Amino acid sequence: GTRSQLLEQDVIDRKGGILGIGRVTTVAGDIDMNKFDQINLSDDDQITFKATKKGYSILSNHIATTYSVEKVEGEYVLTITDKENFRKQKFLVIELL
């Protein structure tokens with residue numbers, strides 16, 4: 001979702017900085033797992049999300065070599081290339097910029 005959507009749903013936090021400058025976006029520590037769509041990595045290896053003009057940012061701590069993202073016909077397609085290491089994180093948080 002967008003930053004405002006993720007903040008509103010308490011999925012991310014904005015910390016630090018002075019008067020809003022230098023703040024860092026982090027994934028909240030106590031996320032309600034019911035706010036996420038679930039996928040079965042045994043069956044699925046792709047996640048599709050809306051393409052925006054400014055792009056996206058993956059906020060969860062997934063290792064970059066465990067997935068790839070490409071733009072296909074107005075959408076982004078995230079392909080999981082290393083399921084074993086990708087699933088070490090329980091959730092994926094994508095900020096649409």
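Here are a few things to note about the model shown:
- Segment 70-89, subset among the polar types (S, T, N, Q) and outside any loop (DSSP other than H, G, I, E, B), residue surrounded by the fewest Cβ atoms within 10 Å (Cβ to Cβ): T79
- Filter result for I58 (surrounded by 10 or more Cβ atoms within 10 Å (Cβ to Cβ) and closer than 17 Å to S4 by Cα): yes
A quick yes/no check of all residues on (1) part of a strand (DSSP E or B); (2) out of contact with any strand residue (DSSP E or B) (no Cβ under 6 Å at 6 or more places or on another chain); (3) not β-branched (V, I, T):
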position	(1), (2), (3)
T52	no, no, no
N61	no, yes, yes
T65	no, yes, no
S68	yes, no, yes
F91	no, yes, yes
E95	yes, no, yes
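- When residues of segment 1-30 are limited to those that are aliphatic (A, V, I, L, M), surrounded by 12 or more Cβ atoms within 10 Å (Cβ to Cβ) and not in a helix (DSSP H, G or I), the one farthest from the chain's Cα centre (by Cα): A28
- Look at segment 64-87: where a residue is under 14 Å from F49 (Cα atoms) and a partner is part of a strand (DSSP E or B) and small (G, A, S), sitting 6+ places away or on another chain with Cβ atoms under 6 Å, you get T79/S68.
- Residues that are in contact (Cβ under 8 Å) with a residue 40 or more places away in the chain and touching a helix residue (DSSP H, G or I) at 6+ places or on another chain (Cβ under 7 Å) within segment 40-63 comprise just one, L41.
- A search for C-beta distances below 8 Å between a residue of segment 1-25 that is within 15 Å of I58 (Cα to Cα) and any residue that is loosely packed, with under 12 Cβ neighbours inside 10 Å and basic (K, R), counting only pairs 6+ apart in sequence or on different chains, returns V24/K15.
Values in this text are rule-based calculations from the coordinates and carry no lab data. It should be emphasised that the depicted structure is a prediction, and the values quoted were computed from it without experimental measurement. Note that we place each Cβ from the backbone using ideal geometry, even for glycine, and neighbour counts take in every protein chain shown.
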